[in-house]
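Reading through the structure tokens given below for one structure.
The values are calculated or read from the model by the stated rules, or taken from the named source; none is laboratory data. Fair warning: this is a prediction, and the values are worked out from it, not measured in the lab. Here the Cβ is made from the backbone with ideal geometry for all residues, glycine too, and neighbour counts use every protein chain on show.
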Amino acid sequence: MLVDTDAKVVSLKRYKVLKGQSSVSGLSSGAFMTVQLHLAHSSSFVGAGVIAGGPFRCAESFRAASALAEDAYVQNALYICMNPLIPQTGPDARHLAKVAKACAEAGEIDPVQHLKDQRIYIFTGKTDEVVYSDVVKRTKQFYQALDVPLSNIRYHDHVEAGHSIITDNPEDSPLPTNQPPYINNGGFMQSHDILDHIYEGLKPASDKLSGRLIRFDQTPFFDGDKRASMSSFGYAYIPAAVEAGAPARVHIALHGCKQGYNYVNYVNGRPDTQNSVPYGNRYFTTTGYNHKADSNNIIVLYPQAQGTDDGETQNPDGCWDWWGYTSANPNQPDYYSKQAIQIRAIHGMLSALGG
Amino acid sequence: MSNEPTPVWSAPLLRAQKMQMLAGQLVGTSLRNEVGTATLLPMSLDASLWQELLDIQHAILERVAQQQQNWWDGCKDVYAEYNQLKMANTLSKFVEQEYNVVAQFNALVANQAASWAGLMENIHVDYAYWLTQKHAQVANGAGGGHGAAQATLTLPALPDAASATTSQVVTKAKASAKAAKKVTA
């Protein structure tokens, strides 16, 4: 998919963005972060798209899993929020909704009342072996417990898809598979479905892109702090009409683990930089967001996470933080709040664009 | 966490201590789960409790069967790989081919070991979580449904095989046994 890419590293600039009309979506860890970002700054958004992700603060479902907090959260993430043995050992949506309300009352996230008019797209593949469907079903229940009416929630659990974002690209993986790059060919562009649900009345996707894919310096948004586990560069697609001054909305598209541009596969515990090619630009050029955005004056923002595994931050797969690895104090995690280093960074990018 | 670098010589010791702590916690969780199950006996007339216990056992058996299938499939693949090795034209190529098959088998063994460890942890965490919820239901006088796992437990505490010393040591460790199974979602 050819797109005019600026070869320089630019700074994000302000466009005529309609405040409070933005949205966010993501796959896998990007989906878990979508829910977190959505709740933290719900006043900035009108909807969210969750592909294979669980509810808010799922990784804190069972603190007693381990004596050490950070161990407990990882174990919760793996065994309650990804692969529970039975539905009853999955996350408790009603309890986590109460937790979200308490966080809002404490000022850690926006008031949850913003959510009740918003539109939520939630998807789980029937053959997803990475994040089980029982968990994603809890995400739907979570939003319902926060008074989002069922009519505003589009929930899909009938497609024989593996853990992936779905496209109609012939070269993508077979639909039922659960393997990198986690982009599977299912004969439709899931990104289009997400945007169509969040923003009713959108025009069909452009056949040919008119705009520009920019590469911007992400580091100022997290002060270059390694704890953020974020890459040097982020990306954004700016339609030509928006560059020319048309009113715009922003959609934040969050990749999953192992999908950041500089992710390199690990072999025997080490990044295989000698043989493996970095993931590159697949997520922000081939998943279809740009074509739908182009014809509808939507800026698509693609923040990038990167792998870090140095004993201080354990995130070798470059996942977004949904289990607390960026928290300065594991016993008082903040990864879900407005003060979280990654959420502050992403919202800072949205603000820089004018959202 | 401290920013001081960990001396190279202490890394194996730190990892051994972390392994002991994690294994000890699994033992402790097993004990708590056994005690917790016994104290659930007053709820034994609740059919849904027994159904959920059966469902847990069934899920475990399914995963064990899948693990075994993965092992056999992996062995078959390595065997097939070896059988179709072509003639090497150089000694270095011959050595490389032989090593590749050995490396594939070693990777299979390592993956299996990590998967079995993960399954053990999965069972322990999920069962303890389930027990906690059931106790919370009893405490709240509620029947059925998905109770909060935040209720105060009367179960014995996890044995602190560690103590504060290991807690400090662990926070300085450069690698953790949890790298054996990473969050990849």
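Below are the figures for this structure:
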| quantity | calculated |
| --- | --- |
| One residue from A:SER66, A:SER61, A:SER42 being farther than 24 Å from A:VAL24 by Cβ and of a type outside the set (D, E, K, R) | A:SER66 |
| Condition check for A:ILE165: closer than 27 Å to A:LYS98 by Cβ and in contact (Cβ under 8 Å) with a residue 60 or more places away in the chain | no |
| In segment A:236-271, residue nearest to the other protein chains (Cβ to nearest Cβ) [restricted to those that are without any contact (Cβ under 8 Å) to a residue 24 or more places away in the chain and of a type in the set (A, V, I, L, M, F, W, C)] | A:VAL267 |
| Given (1) modelled with pLDDT of 95 or more; (2) farther than 18 Å from A:LEU301 by Cβ; (3) in contact with a Lys or Arg (Cβ under 9 Å, 6 or more places away or on another chain), number of the condition A:GLY186 does not satisfy | (3) |
| Segment A:302-338, residues that are surrounded by 20 or more Cβ atoms within 10 Å (Cβ to Cβ), among the hydrophobic types (A, V, I, L, M, F, W, C) and out of contact with any helix residue (DSSP H, G or I) (no Cβ under 6 Å at 6 or more places or on another chain) | A:ALA305 |
| The one condition in (1) under 21 Å from the mean Cα position of the chain (by Cα); (2) at pLDDT below 95 that A:VAL300 fails to fulfil | (2) |
| Within segment A:1-113, strands (runs of 3 or more DSSP E) holding 1 or more residues that are modelled with pLDDT under 95 and away from chain B (no Cβ under 12 Å) | A:4-10 |
| Lone qualifier among B:THR132, B:THR165 - being on the phi < 0 side of the Ramachandran plot, at pLDDT below 70 and β-branched (Val, Ile, Thr) | B:THR165 |
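Yes/no per residue for (1) surrounded by fewer than 23 Cβ atoms within 10 Å (Cβ to Cβ); (2) closer than 18 Å to A:MET349 by Cβ; (3) not hydroxyl-bearing (Ser, Thr, Tyr):
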{"site": "A:GLY234", "(1), (2), (3)": "no, yes, yes"}
{"site": "A:PRO247", "(1), (2), (3)": "yes, no, yes"}
{"site": "A:TYR266", "(1), (2), (3)": "yes, no, no"}
{"site": "A:GLY288", "(1), (2), (3)": "no, no, yes"}
